[in-house]
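Undergrad: Handing you a structure now.
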Amino acid sequence: MKNGAKDRQVTTSEATAESRPWTHGDVVLAAGLVMVAVQLVWKFDLVRRSYFRQDDFTFIARGLEHGLTWDYLMRVDYGHLVPGPFAIQWAMGRLGVYNDVLAHAVAMTLLGAAGLALLQLLRLLFGSRPAILVPLAFYLLTPMTISSLSWWAVVIETLPFQIALPMALSSHVHYARTGRFRHALAAAAWTAVGMAFFVKAPFILVLAFALSVGWLRRPRQWPAWALYAGVVVVYAVIFFRQLFTSEQLTDNTVQPNMPSLPVAARFAWTLLWGSLSPAAFGGPWKWHPIGDDYAIAATPPPLAWVALGLAAVVVAASIRYRRRAWLAWLVLLGYVVLADMVPVLIGRVEQLGPELGGYELRYISSTSTVLALVIGLAFIPLRDEEQPWLRPPPRLRLAWAPLAAAVAAGSIWSVTAYGNLPLGQHVKSYVETARVALKRTPPGTVILDTYVPPKVVMATFFYEYALTSKVLGPIATHPVTWTGRLNGPVSGPLAFDEQGRLRPVSIEGAVVPGRSPCMPVGPAEVRFRLPLTLPKGVWTAQIGYLNPVETTLSVRLGGPETRVTAGKDLGSTYAAVAGGGTYLVLRTLDGRSACVGEIRVGVPRPAMNATSIPPRPVGG
């Protein structure tokens, strides 16, 4: 009897659950989930066409060079303490090196998680009401985040932060409402996760403080704030210790310094006027390409002024009607100044310039989450909030709808325009072509270690990590010999061309034709007149010979001599010589004789008229 009653109860409860009609909150939640899913489908096309770029190659190369040690993970890279991304780059180097399919899967997973985390925070703060779909839609549509999605290193810094921020704030809201300390522990843990990925993460706790002061007033929160302060202190100690001891690519440590006041003011104004305000209203509408695979904002000035004016109207309207809206906007301003502007002013604005840095949307990509939250706080009453309005709102409750529609349309336009760039197509073609070329060369092949094209890695910023041995060496399937300078009798050296193909090396510069049958060279100096005068520098000489025995040559070009071996029979040897002038001077050093043919002095480059490996670029 008891079992039968129990079965009937279970059956009845299941039937009740199945027949329960959807509530208002269920519909809002479902709509939010659909919006996050649609965003993933929409942005997947852009993400799948992106590829690794610039410092992505450097970070993966460094990961391959190091173990997963404290020194590797905690190295501050130009002001960024990012052990999380360094760990991911370390793993990426061991999971296919340039595995873009894996990178895309990680990016889409993080992007979806960020949207869900924000949806949870909005529901928790404001309840499951339709109004929360507005800030959620802003976050999912805004072009603020779009350039960051096309850069792997930025993806694995900013998206984990955009997950950690709403998750930490959600935990803090739970703590403020229930007083249960486990929620404060969760908030601290999520903040620590954010700190492992992004330098702006300490500001999560500043946002939590602002929420507590303005909207979540509860007595006796000091245990949580003691915990939060401890997290910040530990982070600060580690950060500043590593900041002043970490060696950069220049082999120097960081020397933080602020730019001049005019430069700082110009950068701050450009970021506010040309990037933040337009992007908040669907801009920038136009992009300025930086190479083939990236772009910064190129907001038309009239539209920038319109966006700034609209921002002023929106802020003023919210302050007029919504209680404590001023605090929400103050929080946003403080975040932009302290988290977005100050780190760039200290670290990079002198390198980039105030205009280039000010139009960089990746510097405000994480602000999209904060701005979505601020939009909610400035316009939507919190769940169970008493007296949320200073005065009754206007009866035209949907007056904001045309503006929202315009922002949505502008956002779609801007994102689509960015997606029209080639993105990673050309860089991927270079890498995949090089992968095929390396696979088809015999083991031990000598490859000239030159810089990759700037579209792949810019040597100006990344130094030795722009060399082909650093960028392409990790994808070689068998050992090859990388050489920075050709010296001695090298057999069949190759070099990569601009498309990632291997070609025979050709010395381009001055050519001294060989004499018939050849020119004898002995212990006495023989001067070969060049058809042109070479300026002072470091040059490569290629000397053809037909020798009865192996000998050692002394080679000079108006400077110190270089000693190289010249083998027996027909062949050629290379000599790296420092100097300049009109005469190349040769002699033997061991009393033997050499017989010299054609001489070339100049710069080693891939021979564009020779057969390449492979014949055509991959996917070019």
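Undergrad: May I ask you to verify whether ILE447 is β-branched (Val, Ile, Thr) and either at pLDDT below 90 or not assigned by TED's automatic domain parsing to the domain that holds ALA295 (or both)?
TA: Values: β-branched (Val, Ile, Thr): yes; either at pLDDT below 90 or not assigned by TED's automatic domain parsing to the domain that holds ALA295 (or both): yes.
Criteria met by ILE447.
Undergrad: Are any residues in segment 525-572 touching a Lys or Arg at 6+ places or on another chain (Cβ under 8 Å), closer than 15 Å to VAL585 by Cα and among the charged types (D, E, K, R), and if so, which ones?
TA: Selection gives GLU525 alone.
Undergrad: A further question follows. Of everything in segment 523-542, what is under 19 Å from ASN487 (Cα atoms) and polar (S, T, N, Q)? Give them in sequence order.
TA: Listed by number, the residues that qualify are THR540, GLN542.
Undergrad: What are the residues in segment 516-531 that are under 17 Å from ALA541 (Cα atoms) and surrounded by fewer than 14 Cβ atoms within 10 Å (Cβ to Cβ), if any?
TA: GLU525, ARG527, ARG529, PRO531
Undergrad: Related question: Within segment 388-401, is even one residue in contact with a strand residue (DSSP E or B) (Cβ under 8 Å, 6 or more places away or on another chain) and either of a type in the set (Asp, Glu) or part of a loop (DSSP other than H, G, I, E, B) (or both)? Before the answer, list the steps.
TA: Taking segment 388-401 as the starting set, the residues that turn out to be in contact with a strand residue (DSSP E or B) (Cβ under 8 Å, 6 or more places away or on another chain) are 388-390.
Now narrow it down to the ones that are either of a type in the set (Asp, Glu) or part of a loop (DSSP other than H, G, I, E, B) (or both): 388, 390.
Yes, segment 388-401 contains at least one residue that is in contact with a strand residue (DSSP E or B) (Cβ under 8 Å, 6 or more places away or on another chain) and either of a type in the set (Asp, Glu) or part of a loop (DSSP other than H, G, I, E, B) (or both).
Undergrad: Could you tell me which of the residues GLY473, GLY484, GLY500 is in contact with a helix residue (DSSP H, G or I) (Cβ under 7 Å, 6 or more places away or on another chain) and either surrounded by 16 or more Cβ atoms within 10 Å (Cβ to Cβ) or without any contact (Cβ under 8 Å) to a residue 40 or more places away in the chain (or both)? Don't jump to the end; show me each part of the working.
TA: On the way: GLY473 fails: in contact with a helix residue (DSSP H, G or I) (Cβ under 7 Å, 6 or more places away or on another chain); GLY484 fails: in contact with a helix residue (DSSP H, G or I) (Cβ under 7 Å, 6 or more places away or on another chain).
After applying the criteria, what remains is GLY500.
Undergrad: A further question follows. I need the full set of residues from segment 76-108 which are of a type in the set (Ser, Thr, Tyr) and at pLDDT 90 or above, in order please.
TA: Here is the first cut: in segment 76-108, the ones of a type in the set (Ser, Thr, Tyr) are 78, 98.
Across segment 76-108, the qualifying residue is only TYR98.
Undergrad: Residue check, GLY591 against (1) in contact with a Lys or Arg (Cβ under 7 Å, 6 or more places away or on another chain); (2) at positive phi, all met but one. Which one?
TA: Of everything listed in (1) in contact with a Lys or Arg (Cβ under 7 Å, 6 or more places away or on another chain); (2) at positive phi, GLY591 misses just condition (1).
Undergrad: Pull up segment 184-243, narrow it to residues that are of a type in the set (Lys, Arg) and touching a helix residue (DSSP H, G or I) at 6+ places or on another chain (Cβ under 6 Å), then point me to the one that is surrounded by the most Cβ atoms within 10 Å (Cβ to Cβ). So that I can check it myself, show each step before the final result.
TA: The initial filter retains those residues of segment 184-243 that are of a type in the set (Lys, Arg), namely 200, 217-218, 220, 241.
Checking the rest, the ones that are also touching a helix residue (DSSP H, G or I) at 6+ places or on another chain (Cβ under 6 Å) come to 200, 218.
Working: LYS200: 22, ARG218: 12.
Out of the qualifying residues, it is LYS200.
Undergrad: Please enumerate the residues belonging to segment 212-236 that are within 29 Å of VAL76 (Cα to Cα) and β-branched (Val, Ile, Thr).
TA: Answer for segment 212-236, where residues must be within 29 Å of VAL76 (Cα to Cα) and β-branched (Val, Ile, Thr): VAL231, VAL232, VAL233, VAL234.
Undergrad: Moving on. Output the residue which, of all residues in segment 287-316 that are modelled with pLDDT under 90 and either among the charged types (D, E, K, R) or over 30 Å from MET458 (Cβ atoms) (or both), is surrounded by the fewest Cβ atoms within 10 Å (Cβ to Cβ).
TA: ASP292
Undergrad: Tell me which residues, restricted to segment 357-372, are of a type outside the set (Ser, Thr, Tyr), over 18 Å from ALA114 (Cβ atoms) and either touching a strand residue (DSSP E or B) at 6+ places or on another chain (Cβ under 7 Å) or not in a helix (DSSP H, G or I) (or both).
TA: Pass one, segment 357-372, residues of a type outside the set (Ser, Thr, Tyr): 357-358, 360-362, 364, 370-372.
Subset that is over 18 Å from ALA114 (Cβ atoms): 357-358, 360.
Matches in segment 357-372: GLU360 only.
Undergrad: Sticking with this structure for a sec: Checking the condition surrounded by 18 or more Cβ atoms within 10 Å (Cβ to Cβ), farther than 23 Å from ARG48 by Cβ and not aliphatic (A, V, I, L, M), which residue from THR460, THR445 passes?
TA: THR445
Undergrad: Select from segment 544-566 the residues that are among the hydroxyl-bearing types (Ser, Thr, Tyr) and more than 19 Å from SER516 (Cα to Cα) and write down the one among them that is farthest from the chain's Cα centre (by Cα).
TA: If we filter segment 544-566 for residues that are among the hydroxyl-bearing types (Ser, Thr, Tyr), which is where we start, we get 545, 551-552, 554, 562, 565.
Applying the additional criterion that residues be more than 19 Å from SER516 (Cα to Cα) yields 551-552, 554, 562, 565.
Working: THR551: 52, THR552: 50, SER554: 48, THR562: 43, THR565: 46 Å.
Of everything passing the filter in segment 544-566, THR551 is farthest from the chain's Cα centre (by Cα).
Undergrad: When you check SER50 against the structure, is it touching a residue at least 40 places away in the same chain (Cβ under 8 Å) and under 24 Å from THR468 (Cα atoms), yes or no? Explain how you work it out, then say what you get.
TA: Values: touching a residue at least 40 places away in the same chain (Cβ under 8 Å): yes; under 24 Å from THR468 (Cα atoms): yes.
Taking the combined requirement at face value, the residue satisfies it.
Undergrad: Could I ask something else about it? Kindly indicate whether THR582 is out of contact with any Phe, Trp or Tyr (no Cβ under 6 Å at 6 or more places or on another chain), in a loop (DSSP other than H, G, I, E, B) and touching a residue at least 40 places away in the same chain (Cβ under 8 Å). Break it down into steps so the answer makes sense when it comes.
TA: Working: out of contact with any Phe, Trp or Tyr (no Cβ under 6 Å at 6 or more places or on another chain): yes; in a loop (DSSP other than H, G, I, E, B): no; touching a residue at least 40 places away in the same chain (Cβ under 8 Å): yes.
No.
Undergrad: Output the residues belonging to segment 207-243 that are part of a helix (DSSP H, G or I) and under 20 Å from PHE126 (Cα atoms). Break it down into steps so the answer makes sense when it comes.
TA: First, pick out the residues of segment 207-243 that are part of a helix (DSSP H, G or I): 207-214, 222-243.
Selection gives LEU207, ALA208, PHE209, ALA210, LEU211, SER212, VAL213, GLY214.
Undergrad: Okay, moving on. Of SER506, SER491, SER516, which residue is free of Cβ contacts under 8 Å to residues at least 12 places away in the same chain and either of a type outside the set (D, E, K, R) or assigned to a strand (DSSP E or B) (or both)?
TA: On the way: SER506 fails: free of Cβ contacts under 8 Å to residues at least 12 places away in the same chain; SER491 fails: free of Cβ contacts under 8 Å to residues at least 12 places away in the same chain.
One residue alone meets the criteria, SER516.
Undergrad: Follow-up question, since we're still on this one. Determine, yes or no, whether ALA541 is surrounded by fewer than 19 Cβ atoms within 10 Å (Cβ to Cβ) and within 48 Å of the chain's Cα centre (by Cα).
TA: Working: surrounded by fewer than 19 Cβ atoms within 10 Å (Cβ to Cβ): no; within 48 Å of the chain's Cα centre (by Cα): yes.
No; evaluated as a whole, the condition is false for this residue.
Undergrad: Got a sec? Which of LEU40, LEU64 is in contact with a Gly (Cβ under 7 Å, 6 or more places away or on another chain), within 18 Å of GLY112 (Cα to Cα) and of a type outside the set (Gly, Ala, Ser)? Let's see the steps before the verdict.
TA: On the way: LEU64 fails: within 18 Å of GLY112 (Cα to Cα).
Checking each option against the conditions leaves just LEU40.
The values are calculated or read from the model by the stated rules, or taken from the named source; none is laboratory data. Because the structure is predicted, anything quoted here is derived from the model rather than measured. Backbone-built Cβ (ideal geometry, glycine too); neighbour counts: all protein chains shown.
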